[in-house]
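For reference, the structure discussed in these notes is given below.
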Amino acid sequence: MSQKTLTESGQADAVEAPAAASSKKWWILAVIALAQLMVVLDATIVNIALPSAQADLGFSDGSRQWIVTAYALAFASLLLLGGRIADLFGRKPAFLIGIVGFAAVSALGGAATNFEMLVTARALQGAFGALLAPAALSLLNTTFTDARERARAFSVYGAIAGAGGAVGLLLGGILTDALDWRWTLYVNVVIAVVAFAGGWFLLNNHRDAANSKLDVPGTVLVAAGLFSLVYGFSNAETHDWSSVATWGFLIAGGVLLAAFTWWQTRAAHPLLPLRILLDRNRAASFLAVLISGAGMFGVFLFLTYYLQLNLGFSPTKTGVAFLPMVAALMVSAQLGTTRVVPRIGPKAAIPLGFAIAAVGMAWLTGIGVASDYATAVLPQLIVIGAGLGLVMPPAMQLATGGVAAEDAGVASATVNAMQQVGGSIGTALLNTLAASAATDYLTGKDATNKLVQAQATVESYTTAFWWSAGFFAAGTAIAFLLYRRGVPEQDADAAPVVHM
């Protein structure tokens with residue numbers, strides 16, 4: 001073979017190698033996105049199926065909330081531990097074990113013969129989700145280090161994190177109507193098979209924190225603190241705020257998390273190194289994720305009630321009604337991460353997104369007892385989706401950007417914890433405020449009149465929407481004050497190494 005031929009062959013191989021690596025990265029993104037979708041779906045997919053499950057298994061209305069709460073409690077309290085396990089023992093095994101475990105306990109829940117079996121399966125789902133979610137996000141963080149590719153990858157991931165709840169409502173409605181409530185859990189097995197196969201063949205293992213050790217006291221403190229916080233807010237939905245089961249756990253959660261923070265300044269191998277929290281843009285991003293998580297539940301929870309109970313939508317039709325919001329969020333996410341933030345910076349882009357979402361929520365308060373979906377709900381959902389698309393994906397990208405590779409898992413876990421705690425806070429506060437608004441409206445009126453009852457429920461929904469708009473307005477101010485000016489630059493020294 002001539003020298004010229006050898007040279008041309010070498011050049012061709014040099015061109016093909018980066019192309020193959022780039023193609024592999026996008027396949028990895030598809031696997032990560034699928035796994036994240038499975039975790040986010042399960043926060044809402046079971047909600048629509050609850051009445052059917054309750055009728056089948058015969059548990060009480062008081063027990064029903066635990067099907068949702070058990071998942072949230074285990075997920076929130078174990079997230080930081082799951083993230084650190086991924087850093088210490090490798091992201092690939094954490095990812096694969098998380099998928100297999102999640103699928104197995106989903107099948108257990110689908111086969112449940114009583115309430116105890118179902119609620120145990122939901123708690124175990126949360127535990128395996130706490131291992132899977134931070135592993136998935138940290139894999140994304142360490143795979144995409146080029147600024148442009150990273151922005152595109154996070155636009156996809158952030159859109160799924162933001163819109164997954166709405167997709168869960170749609171899928172839950174379709175499966176419940178067409179098949180059976182058990183398929184809202186069995187569907188995870190189907191998703192897991194594809195995600196596991198992709199992860200097994202595409203991912204290589206790397207232990208970035210292999211020389212570190214697990215911070216056991218820190219793990220106990222933060223797990224107990226997050227559990228108490230989420231449990232306290234969950235109790236606010238079924239108890240009064242004056243109940244010791246509410247404020248007692250909230251105070252305990254605050255004390256435990258304060259003790260955890262103190263311990264992290266002294267631990268030799270801290271579970272959550274405070275350097276992760278001290279970066280100004282990163283701290284602002286964590287707060288943005290928390291606030292958006294709190295406000296989003298005003299859309300998903302109360303609008304679901306309104307569409308089904310007031311407008312008479314079926315579960316499937318309710319899920320379809322959220323799709324325009326999902327589409328707007330995905331388009332906005334792509335533009336936000338790849339165009340808007342790189343040009344004007346987060347100090348302008350993220351407050352703008354919050355402000356747009358606040359306008360959409362305030363506009364949604366115009367619903368009535370017999371409003372038309374096309375005029376009173378659809379445009380508002382599109383505006384809210386467009387606003388949140390400018391907030392969540394860029395915030396998630398900035399929250400994990402520039403983190404050293406050995407901290408990628410726990411930084412990713414912190415993002416997920418913020419979203420979960422925000423959702424718990426939002427659900428508890430909005431449920432309480434909505435119930436009070438309905439009670440106040442009925443005062444002095446004929447509570448047996450169906451029209452009066454319907455108007456009272458609408459009053460409760462609009463109160464929740466106003467408060468959600470308030471959350472987003474607060475997010476606008478906080479993001480504007482905390483984010484640094486200018487376009488964030490990728491730190492070449494801190495950028496994680498690619499491990500595929």
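The values are calculated or read from the model by the stated rules, or taken from the named source; none is laboratory data. What you are looking at is a predicted structure, and each value in this text was computed from that prediction instead of being measured. Note: ideal-geometry Cβ built from the backbone for every residue, glycine included; neighbour counts use all protein chains shown. Ligands, DNA and RNA are stripped out before the accessible areas are found, and what is left, the full protein with its side chains, is counted by its heavy atoms. Shrake-Rupley method; radii C 1.70, N 1.55, O 1.52, S 1.80 Å.
Among the residues of the stretch 71-95, the ones that are open to solvent by less than 10 Å² (accessible area, probe 1.4 Å) and without any contact (Cβ under 8 Å) to a residue 60 or more places away in the chain come to 1 in all. A single entry from 338, 304 fulfils the requirement of being touching a helix residue (DSSP H, G or I) at 6+ places or on another chain (Cβ under 8 Å), of a type in the set (Ser, Thr, Tyr), in a helix (DSSP H, G or I) and under 30 Å from residue 149 (Cα atoms): 338. Somewhere in the stretch 365-372, is a residue touching a residue at least 12 places away in the same chain (Cβ under 8 Å) and part of a helix (DSSP H, G or I)? Among the residues of the stretch 365-372, not one is touching a residue at least 12 places away in the same chain (Cβ under 8 Å) and part of a helix (DSSP H, G or I), which makes the answer no.
A quick yes/no check of all residues on (1) touching a Gly at 6+ places or on another chain (Cβ under 7 Å); (2) open to solvent by 70 Å² or more (accessible area, probe 1.4 Å); (3) over 16 Å from residue 420 (Cβ atoms); (4) at pLDDT 75 or above:
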site: 224; (1), (2), (3), (4): no, no, no, yes
site: 237; (1), (2), (3), (4): no, yes, no, no
site: 243; (1), (2), (3), (4): no, no, yes, yes
site: 251; (1), (2), (3), (4): no, yes, yes, yes
site: 262; (1), (2), (3), (4): no, yes, yes, yes
site: 265; (1), (2), (3), (4): no, yes, yes, yes
site: 271; (1), (2), (3), (4): yes, no, yes, no
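The residues of the stretch 96-115 that are in a helix (DSSP H, G or I) and either open to solvent by 40 Å² or more (accessible area, probe 1.4 Å) or among the aromatic types (Phe, Trp, Tyr) (or both), listed by number, are 97, 100, 102, 104, 108, 115. What number of residues within the stretch 292-326 are crowded, with 19+ Cβ neighbours inside 10 Å, of a type outside the set (A, V, I, L, M) and closer than 30 Å to residue 348 by Cβ? Counting residues in the stretch 292-326 that are crowded, with 19+ Cβ neighbours inside 10 Å, of a type outside the set (A, V, I, L, M) and closer than 30 Å to residue 348 by Cβ gives 7. Candidates are the residues of the stretch 175-195 that are within 21 Å of the chain's Cα centre (by Cα) and either at pLDDT below 80 or buried (at least 20 other Cβ atoms within 10 Å of the Cβ) (or both); the one that is farthest from residue 46 (Cα to Cα) is 195.
Before we move on, is residue 118 in contact (Cβ under 8 Å) with a residue 24 or more places away in the chain, under 30 Å from residue 398 (Cβ atoms) and open to solvent by less than 10 Å² (accessible area, probe 1.4 Å)? No, not satisfied. Looking across the stretch 450-476, just one residue is open to solvent by less than 60 Å² (accessible area, probe 1.4 Å) and either more than 22 Å from residue 427 (Cα to Cα) or outside any helix (DSSP H, G or I) (or both), and that is 452. On the basis of being in contact with an Asp or Glu (Cβ under 9 Å, 6 or more places away or on another chain) and free of Cβ contacts under 8 Å to residues at least 60 places away in the same chain, does residue 268 make the cut? Judged against the criteria, residue 268 is a match. Taken together, the criteria exclude residue 412 from residues that are open to solvent by 10 Å² or more (accessible area, probe 1.4 Å), modelled with pLDDT under 75, farther than 21 Å from residue 367 by Cα and of a type outside the set (A, V, I, L, M, F, W, C). Note on the stretch 121-155: residues that are open to solvent by 10 Å² or more (accessible area, probe 1.4 Å) and of a type in the set (S, T, N, Q) total 1. Between 341, 289, the distinction of being β-branched (Val, Ile, Thr), open to solvent by less than 30 Å² (accessible area, probe 1.4 Å) and more than 30 Å from residue 260 (Cα to Cα) belongs to 341 only.
Taken together, 257, 277 contain a single residue that is in a helix (DSSP H, G or I), modelled with pLDDT under 85 and among the hydrophobic types (A, V, I, L, M, F, W, C), which is 277.
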